[in-house]
Amino acid sequence: MRTLPAYYTILLLTVLQQYATKDNVSFPYEYLFFLQNYAQSMDIFYVSWSLAVEEQFYFVIAPLIALSVRATPKHTLILLLIADSVPQLLRLLDANASSTMTHVRLDGCATGFHIHPLPEYMEHACSICPISRNCVNSGVVLLFRGPLQPSLERA
């Protein structure tokens, strides 16, 4: 939420600059709803694609968390591994139009989401068991992130 005022301010200034300096400018409505990473061309405010991916991730992850509350840890782990593997598979098969599209980048957001509490729990978990469940789950997630990480070439 704290990034939204700055995002919309810069977007407004960028659009005003476009209207002031270019001919035949159309308003980029997809930027209002963080859909610019699926637009045909991101001619303005290119760096906003990563914020669009993040915002779309939050729209996807909230319902998944709500559904996983009733799931067993085993089913939750399977769901996480599938969610992390699908973008890797899409990149491997070159089944994406651009590396800025959310369905190709969700695993990066998901990995950060999976491991964000790790420092807080690592000391306690590893004191109970050297190879605790947190350590193993995080290692599995990181293993799947390896060599298939996409480059950030400009679309």
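What follows draws every value from the coordinates through simple rules; no lab data is involved. What you see is a predicted model; the values in this text were computed from it and never measured. Don't worry about glycine lacking a Cβ; one is built from the backbone with ideal geometry, like all the others, and counts go over all protein chains shown.
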In nanometres, what is the gap between the two model label sites at residue 12 and residue 59, each 7 Å from Cα along Cα-to-Cβ? 2.2
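Which net charge results for the neighbourhood of residue 11, defined as the other residues with beta-carbon distances under 15 angstrom from its beta-carbon, given Lys and Arg at +1 and Asp and Glu at -1?
On the way: positive: none; negative: 30, 43, 55.
Taking every other residue near residue 11 into account, the sum is -3.
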Quick one: which of 46-53, 20-27 comes out on top by average Cβ neighbours within 10 Å, and what's the full order, highest first? 46-53, 20-27
Extension gain (nm, one decimal) between residue 23 and residue 50, 0.36 nm per residue minus Cα-Cα: 7.0 nm
Rounded if a/c is under 1.5, else prolate if a/b is larger than b/c, else oblate: which is segment 1-100, with a ≥ b ≥ c the root eigenvalues of its Cα gyration tensor? oblate
